[in-house]
Amino acid sequence: MRDYSFGNFLHELRSRRGLTQYQLGALVGVSDKAVSKWENGSSKPQSNILYKLSDVLGVSVDELLTCKYHSSEKKDTKGVFAMKKQLWNKSFDAMRERYGNSAHLEIMNRLLTEHAEMQNTDMIVYFNLLSVLASEARKQGEHIRVRGGTGASFVAYLLGATEINPLKPHYCCPECGTVIFDDSVDDGWDLPKKICSCGKEIQIDGHNIPFETYRHVVHRNTSFDVSMSPNIWRIANSVIKEYFKDCELTATEREENRIITYTVTSDKSACAFTFLADTEFEQYQALERATGTAFERVNFSQNEVLNEFRLGNTDGIPKFCTDFYKDMAEEVSLGSFYDLIQISGLSHGTGVWINNAKELVNQGIPVSNVIAYRDDVFNHIEKHMLRKGMSNTGYAYKIMEDTRRGVYFRGGVSEEMKKQLKDIEIEDWFVDSIGKIQYLFPKAHGVTYVKLAATLMWYKIHYPKEFAEIML
C-alpha cells in the first residue's frame, strides 16, 4: 500500500525550499527518480538518507517520520527568545526605512527568502545581539568587528549586525528612497557617482553575496568571533549578560588574553560568542583623534585609493602589506574594487592561488572571473543554470559546499558531474579549478577586510604624517 502522507509532506518541504526533484536528489545522493517514487508513495528513503533530507529540508528526522511540523515555539521559551516575531518585524521595518514602503521586488524577495529559511531558528536573536553591541560601540566611540560570513545575511545587515550589504550592486537615494540596481559592475563600490532625480547624491552599495553561502550555519549550533577595542570589552560583557539575563548563559574566561567565550542555550540551539579585546583598534581610534575624522565619515571608494593598492603602496595596511599580496598585485591587473576584493579571497584560501588561479590569470583570464570565494562557485554555476532556464539553486549550493570543504580536491570531480557541468556550458578551467581547492573563504569576510584596508589607505593618502606615526 502506498504511503501518500510521507510523499505529500516531502513534496511540500521540497517546494518550500524551491528545489526540483533532481536538485533534492543531488543534495542527498540519489536520483530524481528516487525522489519521485518517495513523493508518489511507492517507496520510502532508507534511514541513512533521512538524516540528509533532514539537513537539506530544515526539519527534524522525527518530523519527517511523523509527516508533520513540530511547534516552532515551546511554551517555556524565555527572555529574548520569546521576542523573535518582534525582531522579524523590526527587520521588515528597517527595510522600509532604508528602501521605502514600496521596496524593490528584488529586495523584498531577498528578505522573504531569508525569513523563510531562518524563521524557525534562533539566528535573528543572535543577529540582534550583534546589533546591540555595534550600537553600544558607536555610542562610546569605539570599534567592533564580527568575523566570519555574517555579511551574507541581508537580515543581519538590516538589523545592524554587519556593515556589509549582500544585495547586488545598486544605488539608493537617502532622500526619496529611489533604488536602481546596476549590473554594469560586479561590486557596488565600483558604481560611478550619480545624482538622483530629487537632486540628492545617491548612495552606492551592494556586494552580490548570496545567502546560500551562509545557509550551512543557519540550521545548526553556531558561533561568532567578535573583536573589539579594549575599552568596550567590559561593557560588551555587561551587554550580553543583560541581553540573555533570563536564559541559560555560561562563560569561559581567559583573562590574561582578554578573551571570553559565552555560550547561550535555547530550546532550539546553542550559540557561542567569543569576545576578543584587540589593541589594533586603539590604533584606529588614535588615527581618528589625530585627524578629526571618524571611520564612518571616510569616502574610500575613490580612484586615488585604488591606485595606491595598484602600485603596491600598502605598508601599514593590515592583510595587504605582506610580500604575498605585493607579489600578487604585480601579477594581477587591478582595475576595480571588485578585483581588490578578489585578491583578498585569493590570499586567504587554500589551494586557490598557487598552481590554480595564478596560472589562469597568467593565461589571460581576468582576476574578476577566477574562483576566490565560495560565493564565486555558487554565483558562476547559478548564472549558467539561469541561462538554461533553471532557476533553482540546490545544485549550485551542493557544488559550492563540496568545493569549500575540499571534497573534489580529495576525491576528484566525477565524470558524471563533469558531464552535468558541461551540459550547462561550465568552462573546463572552472572544473579543473574546483578540483584543486582545499578551502574557500567567505566573501563577506573578504569584503570586511577590504573595507578596513581601503579606509586606512584613505587616511594614508590624506594624513600621511599622522598615519606614519600611528600605523608604521
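Count, please, the residues in segment 25-48 that happen to be modelled with pLDDT of 80 or more, outside any loop (DSSP other than H, G, I, E, B) and surrounded by 15 or more Cβ atoms within 10 Å (Cβ to Cβ).
Matching residues across segment 25-48 total 6.
Buried (at least 19 other Cβ atoms within 10 Å of the Cβ), outside the structural domain of residue 457 (by TED's automatic domain parsing) and either touching a Ser or Thr at 6+ places or on another chain (Cβ under 8 Å) or among the aliphatic types (A, V, I, L, M) (or both): is that true of residue 236 in this structure?
Yes.
Of the conditions (1) assigned by TED's automatic domain parsing to the domain that holds residue 97; (2) within 15 Å of the chain's Cα centre (by Cα); (3) buried (at least 21 other Cβ atoms within 10 Å of the Cβ), residue 228 satisfies every one except a single condition; which number is it?
With (1) assigned by TED's automatic domain parsing to the domain that holds residue 97; (2) within 15 Å of the chain's Cα centre (by Cα); (3) buried (at least 21 other Cβ atoms within 10 Å of the Cβ) applied to residue 228, the lone miss is (2).
Among the residues of segment 360-373, what is the count of those that are under 21 Å from residue 418 (Cβ atoms) and not in a helix (DSSP H, G or I)?
5
Go through segment 238-263 and give me each residue that's under 19 Å from residue 81 (Cα atoms) and either part of a helix (DSSP H, G or I) or in contact (Cβ under 8 Å) with a residue 60 or more places away in the chain (or both).
Residues satisfying the conditions are 238, 239, 240, 241, 242, 243, 244, 245, 246, 247.
Would you mind listing the helices (runs of 4 or more DSSP H) fully within segment 292-359 where at least 1 residues are surrounded by 17 or more Cβ atoms within 10 Å (Cβ to Cβ) and either at pLDDT 95 or above or in contact with an Asp or Glu (Cβ under 7 Å, 6 or more places away or on another chain) (or both)?
Here the list reads 303-311, 337-346.
Checking residue 146 against (1) assigned to a helix (DSSP H, G or I); (2) closer than 29 Å to residue 173 by Cβ, only one condition comes out false. Which one?
So the condition that residue 146 fails would be (1).
Going residue by residue through segment 243-253, is there one that turns out to be at pLDDT below 95 and in contact with a Cys (Cβ under 6 Å, 6 or more places away or on another chain)?
No, every residue in segment 243-253 fails to be at pLDDT below 95 and in contact with a Cys (Cβ under 6 Å, 6 or more places away or on another chain).
What number goes with the only condition from (1) among the hydrophobic types (A, V, I, L, M, F, W, C); (2) modelled with pLDDT of 90 or more; (3) more than 19 Å from residue 143 (Cβ to Cβ); (4) surrounded by fewer than 18 Cβ atoms within 10 Å (Cβ to Cβ) that residue 286 does not pass?
All conditions are met except number (3).
Among (1) in a loop (DSSP other than H, G, I, E, B); (2) touching a residue at least 60 places away in the same chain (Cβ under 8 Å), which single condition is residue 184 missing?
Residue 184 satisfies every listed condition except (2).
Name the pairs whose Cβ atoms lie under 9 Å apart, with the first residue in segment 374-402 and surrounded by 19 or more Cβ atoms within 10 Å (Cβ to Cβ) and outside any helix (DSSP H, G or I), the second modelled with pLDDT under 95 and polar (S, T, N, Q), and 6 or more positions between them or separate chains?
Sorted first by the residue in segment 374-402, then by its partner, the pairs are 393/23.
Among the candidates 186, 182, which residue alone is surrounded by fewer than 19 Cβ atoms within 10 Å (Cβ to Cβ), under 21 Å from the mean Cα position of the chain (by Cα) and not aliphatic (A, V, I, L, M)?
Result: 182 is the single residue among 186, 182 that is surrounded by fewer than 19 Cβ atoms within 10 Å (Cβ to Cβ), under 21 Å from the mean Cα position of the chain (by Cα) and not aliphatic (A, V, I, L, M).
Take the conditions out of contact with any helix residue (DSSP H, G or I) (no Cβ under 7 Å at 6 or more places or on another chain) and among the aromatic types (Phe, Trp, Tyr) and apply them to residue 337. Does it pass?
No, not satisfied.
The values are calculated or read from the model by the stated rules, or taken from the named source; none is laboratory data. On a predicted model such as this, the values are computed, not experimentally measured, just so you know. So basically every Cβ, Gly included, is an ideal-geometry build from the backbone, and we count neighbours across all protein chains shown.
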